[in-house]
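Accompanying notes for the structure given below.
The values are calculated or read from the model by the stated rules, or taken from the named source; none is laboratory data. Keep in mind that what you see is a predicted model, and the values were worked out from it rather than measured. In this analysis, Cβ positions are derived from the backbone assuming ideal geometry, glycine residues included, and neighbour counts consider all displayed protein chains. Surface areas here come from the heavy atoms of the whole protein model, side chains and all, with no ligands, DNA or RNA. Shrake-Rupley method; radii C 1.70, N 1.55, O 1.52, S 1.80 Å.
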Amino acid sequence: MKIAIIGAGIAGLASAVRMASKGHSVDVYEANAYPGGKLSQFELQGYRFDAGPSLFTMPQYVDELFQAAGLNPAEHFRYQRLPIVCNYFWEDQTRLSAFADETEFASEVEQKLGVEAAKLLQSLADSRRKYELSGRIFLEKSLHRLDTWLNLSVAKAMLKIPQFDLFTSMNKVNERMVQHPKLVQLLNRFATYNGSNPYKAPGLLTIIPHFEHHIGAFYPEGGMHNITQSVYELAQSKGARFHFNAPVEEILLKKNRAVGIKVNQETLHYDRIISNMDVFHAYRRLLPHAPQPEKILRQEKSTSALIFYWGVQRESPELNMHNILFSEDYRHEFDLLSQGKVSDDPTVYINITSKHTPGDAPQGCENWFVMINVPYNAGQDWDAIIARSRTQIIAKISRVLGVNLPDLIACEEILEPRSIESKTWSHLGALYGTSSNDRMAAFMRHPNFSSKIKNLYFVGGSVHPGGGIPLCLLSAKIVDEIMDKSPAI
Ligand code: FAD
């Protein structure tokens, strides 16, 4: 079968591996000159930066791609579990390390915050329980096919829905479990892993700490970009052909079937099309004459990000690979994000890969990826927001860490909602497709196939099961399974 994949983001690459491994003829068309979409890298004056994702969870879904290709993942893609997941800092000089080992983490919390270790352990156990009850249905299956719902284990899990905390906010669940405001803030932060607001998002999202503290936070050898590079090389080795600088202009339809694509003014015929581009642009730009799923396309978007990539001429022993400097008023910060605004005291995330790979920065220096959450692009005055936020972020880091940061910044690059959209076609610069704030969000994302257009499939962060590397990889797995069950027409 001849298959065209539109976009070489991580889900497009994973689809290429899966399809080519089954012996299909696969062509991947990518608008950029490089693979990976958001998961890319760049160099600046001797510093290497991962451009987008910095946290790697659920590595088993990358391993599965090598297994699908008949290879032993350990021989081709290596990664390490981080002993400390994140260092947390507050303005009142409280500091704590979230150790990967949950008992160590709980005793650190007891020591630094005076919260009984058992409380955190219970909260993490609740996170695991919810994941085990719900994960397989919400994340690993298509929610839009009858055979999913006829499956006995799914039906059994649905009976347990009242235990998922779907109708309570994530914040309320965390307050119920651990009470202490700083620990609630720390656990609420996990909502940002899919661009949500912990005061609105359903309590089911309290499953996220389970990924980090039980399954683990990892770092791939060679950096996050090596996920892209390894999967790209794997797809090539299985025979997938890549076409770069090749923006697809149209998906060609014959009655209600996708029959090919138009790229660089050329018409090319395929049996099946897998779109890895943001589903909004796929409909609006490539399928303007097809029926549009308006309700889905108009859903609220997830948050975006403002990132400063700084070469820093200092080594900071108090920092780890992942670090968070919390805002004083977390609820206010999220209220403002919901209104399309940015707080004057944003929570600041600092990622430093040279802590793990010294070669990512010149000797004695560090490569800082400094990020705050910002709303998706609704036409705000971004130049003013960037200038103001830069001053506030630098002041906060200097204050909390006791350094004079302006003297230390050797070079700078910036990424913001407008450039996220222009570089990856992500609608309004949203990081994770649609927002997960609604309790029914899991059911409202675009399915992994089109019910109106035969032979057209969708993968990536803007469709089911959602954004983030692991879920994008799962979308490719779901499409692979669906295709096996539906013959091309
Ligand atoms: P994308 O990366 O969105 O790529 C889509 C590709 O399609 C692009 O290369 C684009 O050029 C191409 N394309 C679009 N239209 C066309 C067309 N018409 N023709 C040809 N090509 C086209 N996730 C995590 O798991 N952990 C993190 O720590 C994390 N942090 C993040 C930080 C930032 C700053 C960003 C931006 C994202 C982060 N994410 C994180 C989210 C994660 O990066 C995404 O969910 C994931 O990479 C999206 O992959 P995708 O397959 O949807 O494709």
Open item on the list: Between segment 404-430 and segment 34-85, how far is it from one alpha carbon centroid to the other, in angstrom?
Closed with: 21
Task: Inter-label distance, nm, simple model (7 Å from Cα along the C-beta direction), GLU43/CYS411 - done: 0.9
- [ ] Place +1 on the Cβ of every Lys and Arg and -1 on the Cβ of every Asp and Glu in the chain, take the dipole about the Cα centre, and give the residue among LEU252, ILE385, SER422 whose Cα lies farthest towards its positive end.
- [x] LEU252
TODO: Show the residues, 5+ positions off or on another chain, whose built amide H is closer than 5 Å to the amide H of LEU252.
DONE: VAL259, GLY260, ILE261, LYS262
Open item on the list: For the chain, take the longest principal axis of its alpha carbons; what is the angle in degrees between that and the long axis of helix 117-138, to the nearest 10 within 0 to 90?
Closed with: 10
Task: Under 5 Å, built H, 5+ apart or other chain: amide partners of PHE449 - done: PHE458
Task: Table column - 3J(HN,Hα) (Hz), segment 296-307, Karplus curve with 6.51, -1.76, 1.60, x for Gly and Pro - done: 5, 5, 9, 4, 4, 8, 6, 5, 10, 8, 10, 10
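Quick one: pull the percent of accessible area on the chain belonging to carbon and sulfur, 1.4 Å probe, ligands and nucleic acids left out.
Numbers: 9760 of 19100 Å².
On the chain, the fraction of accessible area on carbon and sulfur atoms equals 51 percent.
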Open item on the list: Need one value: the accessible area of ILE324 in square angstrom, 1.4 angstrom probe, rounded to the nearest 10.
Closed with: 0
Open item on the list: Is the C-alpha gyration tensor of segment 1-158 telling us rounded, prolate or oblate? Criteria: a/c under 1.5 is rounded; beyond that, a/b larger than b/c is prolate, otherwise oblate.
Closed with: oblate
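If the only charges are +1 at each Lys and Arg Cβ and -1 at each Asp and Glu Cβ, what is the size of the charge dipole of segment 1-157 around the Cα centre, to the nearest 20 debye? Let's see the in-between values first.
Numbers: 17 positive and 19 negative charges, 135 e Å.
Once rounded to the nearest 20, the dipole reads 660 debye.
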Open item on the list: Just to confirm a number: summing +1 for Lys and Arg and -1 for Asp and Glu over residues other than LYS452 whose beta-carbon lies under 13 angstrom from that of LYS452, what do you get?
Closed with: +2
Open item on the list: If the only charges are +1 at each Lys and Arg Cβ and -1 at each Asp and Glu Cβ, what is the size of the charge dipole of segment 1-50 around the Cα centre, to the nearest 20 debye?
Closed with: 220
- [ ] Of the options CYS411, PRO447, LEU431, report the single residue whose Cα projects farthest towards the positive end of the charge dipole of segment 364-489 (beta-carbon charges: Lys, Arg +1; Asp, Glu -1).
- [x] PRO447
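Ranked by accessible surface with a 1.4 Å probe, highest first, in what order do GLU102, GLU413 come?
Values: GLU102 50, GLU413 75 Å².
If we order GLU102, GLU413 from most to least accessible, we get GLU413, GLU102.
Given the -39500 (n - 2.57) contribution per DSSP H run of 4+ residues, what per-residue ellipticity at 222 nm results for the chain, rounded to the nearest 500 deg cm²/dmol? Write down the numbers at each step before the final one.
Working: 15 runs with 160 residues, N = 489.
The helix contribution divided over the chain gives -10000 deg cm²/dmol.
Dipole of the chain, Cα-centred, from +1 at each Lys and Arg C-beta and -1 at each Asp and Glu C-beta, to the nearest 20 debye? Walk me through the numbers on the way to the answer.
Details: 51 positive and 52 negative charges, 413 e Å.
Rounded to the nearest 20 debye, it is 1980 debye.
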Open item on the list: Let me check against my output: what whole-number percent is the relative contact order of the chain, with C-alpha pairs under 8 Å and at least 6 apart?
Closed with: 22
Open item on the list: How tilted is helix 469-485 with respect to the longest principal axis of the chain? Cα atoms for both, answer in degrees (0 to 90, nearest 10).
Closed with: 20
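Compute the Cα gyration tensor for segment 16-105, then decide on rounded, prolate or oblate, letting a ≥ b ≥ c be the square roots of its eigenvalues: rounded whenever a/c is under 1.5, prolate when a/b is larger than b/c in the other cases, and oblate in all that remain. Display every interim value, and only then the final one.
On the way: a/c = 3.17, a/b = 1.63, b/c = 1.94.
Oblate, since a/c reaches 1.5 and b/c is not below a/b.
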TODO: Give me the net charge of TYR88's neighbourhood, meaning all other residues with Cβ under 11 Å from the Cβ of TYR88; Lys, Arg count +1, Asp, Glu -1.
DONE: +3
- [ ] Report the relative contact order of segment 335-489, percent, no decimals, based on alpha-carbon pairs under 8 angstrom and at least 6 residues apart.
- [x] 14
Task: Overall Cα dimensions of the chain, principal axis frame, Å, largest first - done: 64, 55, 47
TODO: May I ask you to evaluate 6.51 cos²θ - 1.76 cosθ + 1.60, the Karplus curve with θ = phi - 60°, for each residue of segment 317-334 and list the ³J(HN,Hα) values in order in whole Hz, giving x for glycine and proline?
DONE: x, 6, 9, 10, 5, 10, 9, 10, 10, 6, 6, 6, 10, 5, 4, 5, 4, 6
TODO: Report, ordered by chain and residue number, the aspartates and glutamates lying within cross-link reach of LYS119, taken as a straight Cα distance under 17 Å and ignoring same-chain residues fewer than 8 apart.
DONE: ASP101, GLU102, GLU104, GLU108, GLU110, GLU175
Open item on the list: Along the charge dipole of segment 191-290, pointing to its positive end and built from +1/-1 on Cβ of Lys, Arg, Asp and Glu, which listed residue (MET277, GLY195, LEU234) has its Cα farthest out?
Closed with: MET277
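Would you mind working out the accessible area per residue for segment 69-162, using a 1.4 Å probe, and quoting it in Å²?
Working: 4900 Å² over 94 residues.
I get 52 Å² per residue for this part.
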Task: Degrees, to the nearest 10: 102-113 long Cα axis against longest axis of the chain - done: 40
Task: Mean Cα-pair separation over length for segment 46-136, i.e. relative contact order, pairs under 8 Å, 6 or more apart, % - done: 13
Open item on the list: If you average the C-alpha positions of segment 116-144 and of segment 432-489 separately, how far apart do those two centres end up, in angstrom?
Closed with: 21
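Going by a ≥ b ≥ c, the root eigenvalues of the Cα gyration tensor, does segment 74-127 fall in the rounded group (a/c under 1.5), the prolate group (a/b larger than b/c) or the oblate group?
On the way: a/c = 3.23, a/b = 1.61, b/c = 2.01.
Taking the square roots of the gyration eigenvalues as a ≥ b ≥ c, segment 74-127 is oblate.
Can you check what the net charge comes to around ALA117, using other residues whose Cβ is under 14 Å from the Cβ of ALA117 (Lys, Arg +1; Asp, Glu -1)? Display every interim value, and only then the final one.
Values: positive: LYS112, LYS119; negative: ASP101, GLU102, GLU104, GLU108, GLU110, GLU116.
Result for the local shell: -4.
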- [ ] Can you tell me which of 122-132, 206-216, 424-434 comes out highest on packing, and rank the rest after it, using the mean Cβ neighbours within 10 Å?
- [x] 424-434, 206-216, 122-132
